[in-house]
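Structure record follows, encoded as structure tokens.
The values are calculated or read from the model by the stated rules, or taken from the named source; none is laboratory data. Small disclaimer: the values here were computed from a predicted structure and weren't measured. In this analysis, Cβ positions are derived from the backbone assuming ideal geometry, glycine residues included, and neighbour counts consider all displayed protein chains.
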């Protein structure tokens, strides 16, 4: 240890041993002195002459009863470098290199120990499972290097708003977990979750960009009488999934009633992944009818899922699952490609079919996909469908998620001829002034107004206001959900240009649509009102 003999003569070895190791040293020596000729190996830290601490591995042999020695023989080797390597390997094995937080392996150990402590102490234990919403879109837009910057800042925010005693882990990707021990289960975990959600209200600043990113949190409260560590983690994960599907940027507390419902939803997601590659989807088409001539002016493409066991699955059951799991991007790409190809082929078989338009919905997640414009260009090019015949429908809420992004994407789409429609107009929360900033071609009046237009005066007044607004901006108008003759007549009287609904025709497969179009253009009559088209 570089000490010279003169300076150490007469001093106690204990003076050079690290305070934290002195008790272990005494205990080891006391045990050894009771056994003549005994030997023991210990590790300890000793003060180097330069003031640093060195790790030593020492073999101590009891030679007290050996006349030529009369004491303990110490044979030591310096293992400082070995200890440093072990610490480095442990960090690699148990800590996330990006954030410095505990990783999944260490989290599993911490969770197991926390559950064991609960069986002895009975103090409150809760687990928060945190997932960053739509983080894949951040990676797609910024690249993985800048995505890592966001992950690091997210980890720092968690450390800022949570207690030092709370064990925070990065489980991988954009998932984090937090163990809360010794807490009041009726209040503390909820308060912690609310602090985390509030911390994400501020945008992430990455270079010159500001990224708005929310976190969905699942919370599980430990019940030692019925749960294991695995149960606690699974329940928190399920609760997070529920929060993400119900309302991103919120938290949910696990309950037994949640279990089967979430498992069903997860099964739907699993089946959807399989369905994409198994040709289980089909496009149905619902006519859009010119209200003045009663002729078909276009169709809306609507996806249908033919499940091998469940039969036809309604879109309302699987579209929200696809949207929350981001499968909607793959499904939406399939719809664009398939509908353009099918419709282009179908309308070539109808005289005058080249004037018919095709409307396709774009989901909010799909609209944020950086490959969207290229996907649409490719669908048009491969099908031979003229871009001016394609109308892309988006909702008001999609516009409001990022007005600048929306304006940029819509400008690109309109630059090569595609038309833009605002779907379900009147039910969202956009500012009407946006119509002067966002270039669109059409407003679709939501079915909730159409349903009551002949029953109450208020829906009629709202529809009249929407139609006047559309007229001022030179926008085409479509009334959705027309099911009764009086609804049709009132929409026509109010000046709506186009209608869609069961009154005219239900969504139908391509073969049935071809028959209808051939009938409509055959000269046998332009009136396609029910019941003829509902056969």
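Worth a mention:
- Applying the criterion of at least 2 residues that are buried (at least 19 other Cβ atoms within 10 Å of the Cβ) to the strands (runs of 3 or more DSSP E) found wholly in the range 267-342 leaves 281-290, 296-307.
- Enumeration of residues in the range 77-108 that are surrounded by fewer than 16 Cβ atoms within 10 Å (Cβ to Cβ), under 30 Å from residue 145 (Cα atoms) and at pLDDT 75 or above: 97, 98, 100, 104, 105
- Candidate set: the range 348-360, residues that are at pLDDT 95 or above and outside any loop (DSSP other than H, G, I, E, B); chosen: the one farthest from the chain's Cα centre (by Cα): 357
- Meets criteria (more than 15 Å from residue 244 (Cα to Cα), surrounded by 17 or more Cβ atoms within 10 Å (Cβ to Cβ), at pLDDT 85 or above and touching a strand residue (DSSP E or B) at 6+ places or on another chain (Cβ under 9 Å)) for residue 215: no
- Residue in the range 425-435 that is crowded, with 16+ Cβ neighbours inside 10 Å, touching a helix residue (DSSP H, G or I) at 6+ places or on another chain (Cβ under 9 Å), modelled with pLDDT of 90 or more and within 30 Å of residue 378 (Cα to Cα) present: no
- Members of the range 162-184 found to be surrounded by fewer than 16 Cβ atoms within 10 Å (Cβ to Cβ) and under 18 Å from residue 251 (Cα atoms), listed by number: 184
- Selection count, the range 34-73, where residues are over 17 Å from residue 20 (Cβ atoms), in contact (Cβ under 8 Å) with a residue 40 or more places away in the chain and touching a strand residue (DSSP E or B) at 6+ places or on another chain (Cβ under 8 Å): 1
- Identity of the residue in the range 477-504, surrounded by fewer than 17 Cβ atoms within 10 Å (Cβ to Cβ) and either farther than 12 Å from residue 450 by Cα or modelled with pLDDT of 95 or more (or both), that ends up farthest from the chain's Cα centre (by Cα): 493
- Whether a residue is modelled with pLDDT of 85 or more and either assigned to a helix (DSSP H, G or I) or buried (at least 18 other Cβ atoms within 10 Å of the Cβ) (or both) was assessed, and residue 59 does not pass this test.
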